Amino acid sequence: MTDHQFTDDDLRAAAALMHYALTIEPAPADAHAALGENPRWLLVDPGSDEDDNLREATVELVSKAADISRWAVDLGADGLEPEEHQFTLSAGPKPIIRVHFGFAPELDDEARAAFVQGLGAAAAREMRLALEENPAPTISMETAAHVLFQERLGGWPPSTFASKLLDLWTSADTDNAEHLADAFPEYAAAIALLKSGQPGIEQLRAIAPATAARIVR
């Protein structure tokens, strides 16, 4: 592509960094400049609280956006078009996998839709088979309560052994945490729910409601 020492991959990596740099640290003024011509935005009174809130909300979404700069650069360099088609695999209400697509311009809408649907069906089938072979462990009331108590989110105190186990889990590196998960899959499932955020915490609280703490241990 060029006579100097940089490879095509080097140039794409540099372009991705430049693309990313242009998207970070947005300001409310940037939101107004970008959306000022939007018909819905024009209904908002400039300088009002609603205007300020909308700008801040837009900036927050941009700040949280995933860095797909290299993906965008590669799409353009390879002559592919980003496509609105996507499929998502979820664990309950939480998305765990989302696949977006880029297609060559010569592929028509029918071919694109057929590919996405076929790939999505195949992925869902493989995930279902994997779950059937390795079903998630059932989380008991006691386990849910112990994990909640450890993070001061409810529940009730675990036994001395369980308390030390959870303390160990908190300080374990990735490899050792995986070993603990293999040995104590029920606790691993409860900890995974805890780390998934508020929906997971509420699931644990549903398993071990506060009133259950009155049960004789």
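Tell me which residues, restricted to the stretch 183-203, are open to solvent by less than 50 Å² (accessible area, probe 1.4 Å) and either touching a Gly at 6+ places or on another chain (Cβ under 8 Å) or assigned to a loop (DSSP other than H, G, I, E, B) (or both).
Here is the first cut: in the stretch 183-203, the ones open to solvent by less than 50 Å² (accessible area, probe 1.4 Å) are 187-191, 193-194, 196-197, 200-201.
Across the stretch 183-203, the qualifying residues are L193, L194, S196, G197.
Select from the stretch 142-165 the residues that are within 16 Å of G200 (Cβ to Cβ) and hydrophobic (A, V, I, L, M, F, W, C) and write down the one among them that is surrounded by the most Cβ atoms within 10 Å (Cβ to Cβ).
V147
For the stretch 123-141, what are the residues that are modelled with pLDDT of 85 or more and surrounded by fewer than 15 Cβ atoms within 10 Å (Cβ to Cβ)? Working first, answer last.
Taking the stretch 123-141 as the starting set, the residues that turn out to be modelled with pLDDT of 85 or more are 138-141.
Listed by number, the residues that qualify are T138, S140.
Which one is modelled with the highest pLDDT, of the residues in the stretch 67-90 that are in a strand (DSSP E or B), of a type in the set (D, E, K, R) and surrounded by 12 or more Cβ atoms within 10 Å (Cβ to Cβ)?
At the first step, the residues of the stretch 67-90 found to be in a strand (DSSP E or B) are 81-90.
Narrowing the set further to residues that are of a type in the set (D, E, K, R) leaves 81, 83-84.
From what's left, surrounded by 12 or more Cβ atoms within 10 Å (Cβ to Cβ): 81, 83.
Numbers: E81: 92, E83: 85.
It comes out as E81.
Among the helices (runs of 4 or more DSSP H) confined wholly to the stretch 1-66, which include 2 or more residues that are open to solvent by 90 Å² or more (accessible area, probe 1.4 Å) and either modelled with pLDDT of 70 or more or over 30 Å from A77 (Cα atoms) (or both)? Show your work before the answer.
Numbers: elements: 8-21, 28-35, 49-64.
In the stretch 1-66, 8-21, 49-64 are the helices (runs of 4 or more DSSP H) which contain 2 or more residues that are open to solvent by 90 Å² or more (accessible area, probe 1.4 Å) and either modelled with pLDDT of 70 or more or over 30 Å from A77 (Cα atoms) (or both).
When you scan the stretch 60-72, do you find a residue that is basic (K, R) and out of contact with any Ser or Thr (no Cβ under 8 Å at 6 or more places or on another chain), even just one? Write out each step before concluding.
Of the residues in the stretch 60-72, the ones basic (K, R) are 64, 70.
Now narrow it down to the ones that are out of contact with any Ser or Thr (no Cβ under 8 Å at 6 or more places or on another chain): 64, 70.
Yes, because at least one residue in the stretch 60-72 is basic (K, R) and out of contact with any Ser or Thr (no Cβ under 8 Å at 6 or more places or on another chain).
Would you mention how many residues in the stretch 51-102 are charged (D, E, K, R) and over 30 Å from A124 (Cβ atoms)? Talk me through it step by step, then tell me what you get.
Initial filter on the stretch 51-102 (charged (D, E, K, R)): 51-52, 55-56, 60, 64, 67, 70, 74, 78, 81, 83-84, 94, 98.
Then keep just the ones that are over 30 Å from A124 (Cβ atoms); that gives 51-52, 55-56, 60.
The number of residues fulfilling the criteria is 5.
Counting only residues that are open to solvent by 60 Å² or more (accessible area, probe 1.4 Å), modelled with pLDDT under 85 and assigned to a helix (DSSP H, G or I), how many does the stretch 92-122 have?
Matching residues across the stretch 92-122 total 1.
The values are calculated or read from the model by the stated rules, or taken from the named source; none is laboratory data. Treat the numbers as computed from the prediction; the structure is a model and nothing was measured. Note: ideal-geometry Cβ built from the backbone for every residue, glycine included; neighbour counts use all protein chains shown. Surface accessibility is based on the protein's heavy atoms, side chains included, excluding ligands, DNA and RNA. Shrake-Rupley method; radii C 1.70, N 1.55, O 1.52, S 1.80 Å.
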